[in-house]
Every structure is written in C-alpha cells, then in structure tokens.
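Nothing in this text is a laboratory measurement; each read-out follows from the coordinates by a stated rule. Just so you know, these numbers come straight off a predicted model, no measurement behind them. Heads up, the Cβs are rebuilt from the backbone with ideal geometry, glycines too, and the neighbour counts pull from every protein chain shown.
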Amino acid sequence: MTGTPSSQLEFVINDLSRRITRLYNHVYDDAGVSHLQAKALIFLDHEGVQTQTELANRMEMARAAMGALLDRMEAAGLIERINSPSDRRIKLIRMTPKARPLIGKINDLASKVGPRIRAGTNKSERRAAIELLLKIRDNIEREEKRLAGSETLDHIK
C-alpha cells in the first residue's frame, strides 16, 4: 500500500466502522443500550428466538464475546435464555417484554441519525457504495477461507 492512510480504502473503511460504532453507542445511550445490544435486539426482533451461536454468527462475534454481551443483556432484563424444546443442552435467546418497547426507540433514534450521516449523498451514490462494499466483503470472506488454518500471514502474496 502506498499513500497516506486517509487515501487507502481499507483504512477509511476501518475508520468509518470505529466512528459509526462510537456514534451509535452515543445515540443509543438515550435508549439505555449499547450499539451491540441494540443490534442483538434488532436481530432477535426480526429473526425471532435463536441460539447464542446463531446470534453470534449473524453479528459476526466470537461466541465468548456474545456470551458476555448476553450476560449483560440478561442482567438488564432485555433477554432471557430458555431451554430448547428439542435439546435441553441448548439455550435459546429471546427478547423479554421489557425489551419490546426499545425496538421502536432504537429504530427511531437510528432513523434520525442515519440521514444526517448520509447527508450530501444521493441514492445512486449510496447504492454504488453498498455494491462496492459488498464486493469487498465477498473478497474478504474468500481470503479468510483461503487463509483458514494458516498460523501466519507470511504466505500472502
């Protein structure tokens, strides 16, 4: 890579990710949740009851990190872990009635800040950006699969 970090796509994407996380953590303070808690609740609202592993995969989090997040959410009364009817060893995650009203508040907060962070862009630019980012995500997934099992990145060429 050449040039300054601010001129390199990967650095800009990483910087945006960190900034979006920080912004949404601040925004979701009004709902009393972190951006990760909000994201988990949105997945549970859209997709229903699921296992910790399923939710971790959807959110692209390690199972241990997801477990810690769910511990905090359970302590706050936002989710509950229930036994799977088909296998008592499996715990299912579901939202509690206390969390339901938060979905509307989370969506409302996001609908207010989203347009502000997209200001100065048009629908065509956003569509092109999404297509580009999805291609990059696919390339990253292919590269991750290629590197799976490798202990070092020395062989990247």
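From the phi angles alone, apply the Karplus equation (6.51, -1.76, 1.60; θ = phi - 60°) to region 68-76 and give each ³J(HN,Hα) in whole Hz, x where the residue is Gly or Pro.
Working through the residues one at a time gives 5, 4, 5, 4, 5, 5, 5, 4, 7 Hz.
List the residues whose amide H sits under 5 Å from the amide H of Gln50, counting only those 5 or more places along or on another chain, with H placed 1.01 Å from N in the peptide plane.
Ile93
Relative to the longest principal axis of the chain, what angle (0 to 90°, nearest 10) does the C-alpha long axis of helix 123-147 take?
90 degrees
So how tilted is helix 35-47 from the main axis of the chain? Cα-based, degrees 0 to 90, rounded to 10.
Computed tilt is about 70 degrees.
What stretch of the chain, leaving out the sites themselves, is the longest with no GluC sites (Glu not before Pro) in a DSSP loop having at most 16 other Cβ atoms within 10 Å?
The longest such stretch corresponds to 61-150.
Using alpha carbons only, how many degrees (0 to 90, rounded to 10) separate the axis of helix 9-28 from the longest principal axis of the chain?
It is inclined by approximately 30 degrees.
Convert each backbone phi in region 93-103 into a coupling constant with the Karplus relation 6.51 cos²θ - 1.76 cosθ + 1.60 (shift: θ = phi - 60°), then list the ³J(HN,Hα) values in order as whole Hz, x for Gly and Pro.
Per-residue couplings from phi come out as 10, 9, 6, 8, x, 4, 7, 3, x, 5, 4 Hz.
May I ask you to sort Ile82, Ile106 by Cβ crowding, counting other Cβ atoms within 10 Å and putting the fewest first?
Ile82, Ile106
Quick one: Karplus J couplings for region 112-120, per residue in order, coefficients 6.51, -1.76, 1.60, θ = phi - 60°, nearest Hz, x for Gly and Pro?
7, 7, x, x, 5, 7, 9, 3, x
Check cross-link reach from Lys123 to the aspartates and glutamates: straight Cα distance under 14 Å, and skip same-chain residues fewer than eight apart.
Within the straight-line limit of under 14 Å, Lys123 reaches these aspartates and glutamates: Glu131.
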